[in-house]
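Input: a single structure, listed below in structure tokens.
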Amino acid sequence: MRFVFKTRYEQDLQLFRDRTEAGWYGVLLLVLLAAPFVVPEYWRAQLVFIYIWGIVGFGLMLLSGFTGQISMGHAAFLAIGAYAETLLQIAGWPFLLSAPAAMLLAAAAGIVIGLPALRLTGIYLAIATLAFGFIVEEVLARWESLTAGNSGLMVPPLNLAGAPITGSHSFYYVCLACILLVGVAVRNLLRAPTGRAFIAIRDSEISAQSMGVNLARYKTLSFALSAGITGLAGALYAHQIRFISPEQFTLFLSIEFLMMIVIGGMGSLHGAVFGAIFMIVLPELIAITKDYLPQAIAEQTGLKSTVFGALMILFVLFEPLGLYGRWVKIRTWFSLFPLYKAGMFRRQKAYQKSERVH
Amino acid sequence: MEFLQLAIGGVAMGCIYALIALGFVLIYKATEVVNFAQGDVMMLGAFVAFTFASLWQFPFAAAVALALIVLVAVGALFDRFLLRPIIGQPTFSAVMVTIGIGFVARGIATMVPGWGTDTHALKAPWSDGTIKLGSLVISTDDLAIIVLTAALCLVLWLFFSRTRIGIAMQASSQNQLAAYYMGIPVRRINTLIWGLSAGIAAFAAVLLAPVTFVHSNMGFVGLKAFPAAVVGGFGSIPGAIVGGLIIGLVEAFAGFYLPEGFKNVAAYIVVLIVLVVRPSGIFAEMRRKKV
């Protein structure tokens, strides 16, 4: 196992731990840059979905994984971003203006739902965000003069800076640039005082407050940032899917996002990306294995839902740290080779009740 | 008259919400887990009752009794094998497990032969009748829902206040550690509570099935029962009943007096207003958490 012996303060500010790590990320970036020329078109589209879901993952991870605020209404922020982007693009705005506008609008919605959240914890917050998600979905369906209601909206081709982009690779690179920007921004944010305040709030609101963290400010900020990031994902989603309608943004999408970050690994940015890959690849895997299953099972419509639910349960029961936690364990096993101990990552169980007053 | 007519329909629907909310509240009080699968457990109850009553042609009362027994067992098994292993992990993990249970339940319901994605009818002996009181027309389904819910509440009240095990459940819901020191087998009690709330869900399913039919998505009624439970304050049993009735009534009136679309979201608007005004529900005990 490598240990970095820090001798300068600048080393604390570095984005990567050491050169090896930076090198590996460089290789990954090169692979992703080359990918559209290598992989078939279908898989390029799946990669774009992974980027979009990854951006949502960063946003939701910031809120749920790092600030400890559960949200069951993130599909609503995605919807707000998608509709804002579509309408602004139809009005002729370029992406460089319309995407920030969509983010701001989603962030504003985040502040609106964040304000009652200041007084709510745990389950009450989950219900409040769930209610918000339902209301947004209904408003989108009913505000027909703006959103065309349930008949949906066709999304024009992406207009990046004045003219529609051409070439099928361009959109891929736009999405890649967005997820890189968001990833670096969130990572930097988490190392800055703001991110530290978020983590303090997650671990204990009362101790964070005693240390001088302004709960109201930081919780609202977390909601706004998370919603804004999800709004950006929504803008990209609209262009990728090319047709948006309210029934795409249901409670189930919100729950899928939650599953994504739990399966990926709560409280780590890698987890958000791992979760996004998992959520996009799993349906493909199911589709592939269907060919090998007996017909009676393969033709069932409930197969996907059953597999998702069962995997969710299995992950919580057997790998609460998610895919990223599993990866860290495997990595540690190799780097410590004969000395790995099974109990190394075991967390202490907290039997004390958290939410309730006794 | 119109007002009364709407009110009766609203109260009947509210009773269903109340029963499901009751299931949420029982589990939440005992284990601090919000069972997002409660609606889907209800859906399973409806399908099991449908299997006994329609597919296997049991008499209705026997089918209902068997469905209740099966569902109590299913609820207890969920607790024993899926939730007991994660005691001590954050509540959030347990919530995700219940969401997973909901997905699996819905998926499996569509795969079981004879259930599938179709809509099935489950008729109760009291179904399809109406009673006229002046200009008021009450369907016997609504009447049965209201009367049987009231009866169940009475039985539950007697159970919780008069029986040894009911009092043990109350004790372990109030303070697990103290209950444990008093010799109450807390974990077994929790399993029983899961069984009890699944049984209540099955009871609600039998009441609801003649009105809405049996299908794999009928558990979504549970999503309206959340607001009901929250409006009443998540930890309060009378609150769940009152909350359910409030949501049912508001929904019925919103569907009639307000523009189209408000019926679907009325419950959620009410819950947001209640949460802003009283963050832990109408019936919540207002106390500060100790560090």
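Of all residues in the stretch B:16-34, those being assigned to a loop (DSSP other than H, G, I, E, B) and among the aliphatic types (A, V, I, L, M) number 2. Answer yes or no as to whether A:Thr220 is assigned to a helix (DSSP H, G or I) and hydroxyl-bearing (Ser, Thr, Tyr). Criteria met by A:Thr220. For beta carbons closer than 6 Å, sequence separation of 6+ or different chains, a first residue in the stretch A:116-130 that is under 17 Å from A:Ser254 (Cβ atoms) and a second that is in a loop (DSSP other than H, G, I, E, B) and among the aliphatic types (A, V, I, L, M), the qualifying pairs are A:Ile123/B:Val34; A:Leu125/A:Ile70; A:Ala126/A:Ile70; A:Ala126/A:Met72; A:Ala128/A:Leu120; A:Thr129/A:Met72; A:Leu130/A:Met72. Evaluating B:Thr117 against the criteria (1) of a type outside the set (Gly, Ala, Ser); (2) buried (at least 16 other Cβ atoms within 10 Å of the Cβ); (3) closer than 24 Å to A:Gly309 by Cα leaves one unmet condition, (2). Checked against (1) in a helix (DSSP H, G or I); (2) among the aliphatic types (A, V, I, L, M); (3) more than 14 Å from every other protein chain (Cβ to nearest Cβ), A:Ala161 passes all but condition (1).
Matching residues to (1) in a loop (DSSP other than H, G, I, E, B); (2) loosely packed, with under 12 Cβ neighbours inside 10 Å; (3) out of contact with any strand residue (DSSP E or B) (no Cβ under 9 Å at 6 or more places or on another chain):
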| residue | (1), (2), (3) |
| --- | --- |
| B:Asp128 | yes, yes, no |
| B:Ile131 | no, yes, no |
| B:Val147 | no, no, yes |
| B:Val155 | no, yes, yes |
| B:Phe160 | no, no, yes |
| B:Ile167 | no, no, yes |
| B:Ser173 | no, no, yes |
| B:Ala179 | no, no, yes |
| B:Ile184 | yes, no, yes |
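Residues that are free of Cβ contacts under 8 Å to residues at least 24 places away in the same chain, within 14 Å of chain B (Cβ to nearest Cβ), on the phi < 0 side of the Ramachandran plot and outside any helix (DSSP H, G or I): does the stretch A:323-340 have at least one? Scanning the stretch A:323-340 turns up no residue that is free of Cβ contacts under 8 Å to residues at least 24 places away in the same chain, within 14 Å of chain B (Cβ to nearest Cβ), on the phi < 0 side of the Ramachandran plot and outside any helix (DSSP H, G or I). Residue count for the stretch B:257-273 under the criterion of being more than 16 Å from A:Leu125 (Cα to Cα), at the interface with chain A (Cβ under 8 Å from one of its Cβ atoms) and surrounded by fewer than 20 Cβ atoms within 10 Å (Cβ to Cβ): the result is 3. Just wondering, is there one or more residues in the stretch B:50-63 that are of a type outside the set (Phe, Trp, Tyr) and within 8 Å of another protein chain (Cβ to nearest Cβ)? No, the stretch B:50-63 has no match at all. Looking only at the stretch A:28-59, residues that are at pLDDT 95 or above and in contact with a Leu (Cβ under 7 Å, 6 or more places away or on another chain) come to 5 in all. When the stretch B:55-94 is filtered for residues that are surrounded by fewer than 16 Cβ atoms within 10 Å (Cβ to Cβ) and among the aliphatic types (A, V, I, L, M), the ones remaining, listed by number, are B:Leu55, B:Ala61, B:Ala62, B:Ala65, B:Ile69, B:Ala73, B:Leu77, B:Ile87. For the stretch A:186-195, the criterion of being free of Cβ contacts under 8 Å to residues at least 24 places away in the same chain, surrounded by fewer than 19 Cβ atoms within 10 Å (Cβ to Cβ) and within 14 Å of another protein chain (Cβ to nearest Cβ) is met by no residue. Scanning for something within 30 Å of B:Ala94 (Cα to Cα), in a helix (DSSP H, G or I) and not basic (Lys, Arg), does the stretch A:35-48 turn up at least one residue? Checked against the condition, which is being within 30 Å of B:Ala94 (Cα to Cα), in a helix (DSSP H, G or I) and not basic (Lys, Arg), the stretch A:35-48 yields no hits at all. Look at the stretch A:292-312: where a residue is at pLDDT 80 or above and a partner is among the small types (Gly, Ala, Ser) and part of a helix (DSSP H, G or I), sitting 6+ places away or on another chain with Cβ atoms under 6 Å, you get A:Ser305/B:Gly107; A:Thr306/B:Gly107; A:Gly309/B:Gly100; A:Met312/B:Gly100. In this structure, is B:Ala61 under 30 Å from B:Ala144 (Cα atoms) and either under 20 Å from the mean Cα position of the chain (by Cα) or charged (D, E, K, R) (or both)? In short, no. The conditions of being modelled with pLDDT of 90 or more, under 29 Å from A:Thr147 (Cα atoms) and among the small types (Gly, Ala, Ser) are not met by A:Ala272. Residues of the stretch A:49-80 that are β-branched (Val, Ile, Thr), part of a helix (DSSP H, G or I) and either surrounded by fewer than 24 Cβ atoms within 10 Å (Cβ to Cβ) or within 14 Å of chain B (Cβ to nearest Cβ) (or both): A:Ile50 alone.
The values are calculated or read from the model by the stated rules, or taken from the named source; none is laboratory data. Quick caveat, the model's predicted, so the values are computed rather than measured. FYI the Cβ positions are ideal-geometry reconstructions off the backbone, even for glycines, and counts take in every protein chain you see.
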